[in-house]
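**Student:** Below is the structure I would like to discuss, written out as structure tokens.
The values are calculated or read from the model by the stated rules, or taken from the named source; none is laboratory data. Small disclaimer: the values here were computed from a predicted structure and weren't measured. Virtual Cβ from ideal backbone geometry, glycine too; neighbours counted across all protein chains shown. To get the accessible areas, we keep the full protein, side chains included, count just its heavy atoms, and leave off ligands, DNA and RNA. Shrake-Rupley method; radii C 1.70, N 1.55, O 1.52, S 1.80 Å.
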Amino acid sequence: MDLNTPDPTASDAPLKVAVILGSNREGRFGPVVAEWFLGRTAGHPGIETELIDVAETEPPATGAAAATTRLARADAFVVLTPEYNHSYPAPLKNLIDRHYAEWQAKPVAFVSYGGISGGLRAVEHLRQVFAELHAVSVRDTVSFHNAGALFDDRGALMDPAQADGAAKKLLDQLVWWGRALREARTRHPYGG
């Protein structure tokens, strides 16, 4: 096979999605949201997910060096973020800023949670950051307003219909962009 000809099976290969848990605060709510979201990805065809938790990747955490490899092999990203003081957490910013090429020409989707705004102000800040890094942000998001009241004591979403529908829409868009950009990077390496 000619190296310049894309592998016809590559477009059918599962999309490797790195799900980034963006908070490392003690008592954080993020693991509840992550478990719910990973449950949605498990039922979506064509996706393989890997959770990257900033609590395990931020120096001096032992997984800090491994984060680069894990981000590089991803075809797409989903960032799970709370909103702290109208923006996103510092450990997430550190993870993002320690990398550059790993984000380029790849799609990024967002799942946010928080108080009345549901983390949407954090998402809007993240869109600007990822645009600077030559990533493509997916339009639709999943947002949990007053998140603590939406999940029961076992971490189950009490009324899942709307959030499940939003997650499916987000994942469908992410898969479309992920496959399109993966094929484009295969044919023409990104030179951003």
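**Student:** Select from ARG25, ARG98, ARG154 the residue whose mean-square fluctuation is largest in a Gaussian network model of the chain (Cα-Cα springs shorter than 10 Å).
**Tutor:** Its mean-square fluctuation being the largest, the pick is ARG154.
**Student:** Right, something else. Just how large is the dipole of the range 67-115 about the Cα centre, in debye to the nearest 20, putting +1 at every Lys and Arg Cβ and -1 at every Asp and Glu Cβ?
**Tutor:** Numbers: 5 positive and 4 negative charges, 29 e Å.
Dipole size: approximately 140 debye.
**Student:** I've got another one for you. Once amide H atoms are built 1.01 Å from N in the peptide plane, which residues 5 or more positions from LEU51, or in another chain, come under 5 Å H to H?
**Tutor:** Sorted by chain and number, the residues that satisfy this are VAL19.
**Student:** Considering only ILE96, LEU181, VAL78, whose Cα is most displaced toward the positive end of the charge dipole of the chain, charges sitting on Cβ of Lys, Arg (+1) and Asp, Glu (-1)?
**Tutor:** So the residue furthest toward the plus end is LEU181.
**Student:** At a 1.4 Å probe, what is the % contribution of carbon and sulfur to the accessible area of the chain? Write out the running numbers ahead of the final one.
**Tutor:** Numbers: 5190 of 9720 Å².
Ligands and nucleic acids excluded, carbon and sulfur reach 53 percent.
**Student:** For the chain, take the longest principal axis of its alpha carbons; what is the angle in degrees between that and the long axis of helix 30-42, to the nearest 10 within 0 to 90?
**Tutor:** That helix lies at roughly 50 degrees to the long axis.
**Student:** Can you find, among THR141, ALA131, ALA109, the residue farthest towards the positive end of the dipole of the range 90-154? Put +1 on the C-beta of Lys and Arg, -1 on that of Asp and Glu.
**Tutor:** Comparing the listed Cα positions along the dipole, ALA131 ranks first.
**Student:** Another question, then. If I ignore ligands, DNA and RNA and count only protein heavy atoms, how much of THR186 is accessible to a 1.4 Å probe, in Å² to the nearest 10?
**Tutor:** Here the residue's solvent-accessible area equals roughly 80 Å².
**Student:** Determine Rg/Rh for the range 82-192; Rg is computed over alpha-carbon atoms and Rh is the Kirkwood hydrodynamic estimate from the same atoms.
**Tutor:** For the range 82-192, the value is 1.02.
**Student:** Please give the solvent-accessible surface of THR141 in Å², to the nearest 10, using a probe radius of 1.4 Å with every protein chain present.
**Tutor:** 40
**Student:** Just to compare against my own numbers: the Cα pair-distance distribution for the range 128-183, 5 Å bins, whole % per bin, please.
**Tutor:** 4, 17, 19, 19, 15, 12, 10, 4, 0
**Student:** Only four residue types carry charge here, +1 at the Cβ of Lys and Arg and -1 at the Cβ of Asp and Glu. Report the dipole size of the range 47-192 about the Cα centre in Debye, rounded to the nearest 20. It would help to have the intermediate numbers written out before the result.
**Tutor:** On the way: 15 positive and 18 negative charges, 116 e Å.
With Lys and Arg at +1 and Asp and Glu at -1, about 560 debye.
**Student:** Can you tell me what share of the DSSP beta bridges in the chain is antiparallel? A percent to the nearest 5 is fine.
**Tutor:** 10
**Student:** Which of the lysines could a cross-linker span from LYS169 if the Cα-Cα distance has to be under 21 Å and same-chain partners fewer than 8 positions apart are dropped?
**Tutor:** Those lysines meeting the cut-off are LYS16, LYS106.
**Student:** Find the accessible area per residue for the chain; the probe is 1.4 Å, ligands and nucleic acids are left out, and the unit is Å².
**Tutor:** 51
**Student:** Quick one: Debye curve from the C-alpha atoms of the range 27-111, no solvent, what's log10 I(q)/I(0) at q = 0.22, 0.24 Å⁻¹?
**Tutor:** -1.30, -1.48
**Student:** Can you give the angle from 0 to 90° between the axis of helix 120-132 and the longest principal axis of the chain, with both taken from C-alpha atoms, to the nearest 10?
**Tutor:** Approximately 20 degrees, to the nearest ten.
**Student:** Hey, another quick one. Measure nothing fancy, just the Cα-based angle from helix 161-187's long axis to the longest principal axis of the chain, in degrees from 0 to 90, nearest 10.
**Tutor:** Relative to the chain, helix 161-187 is tipped by roughly 20 degrees.
**Student:** Of LYS169, LYS16, LYS106, LYS93, which has the most accessible area with a 1.4 Å probe, and how do the rest follow in descending order?
**Tutor:** The ordering from most to least exposed comes out as LYS169, LYS16, LYS93, LYS106.
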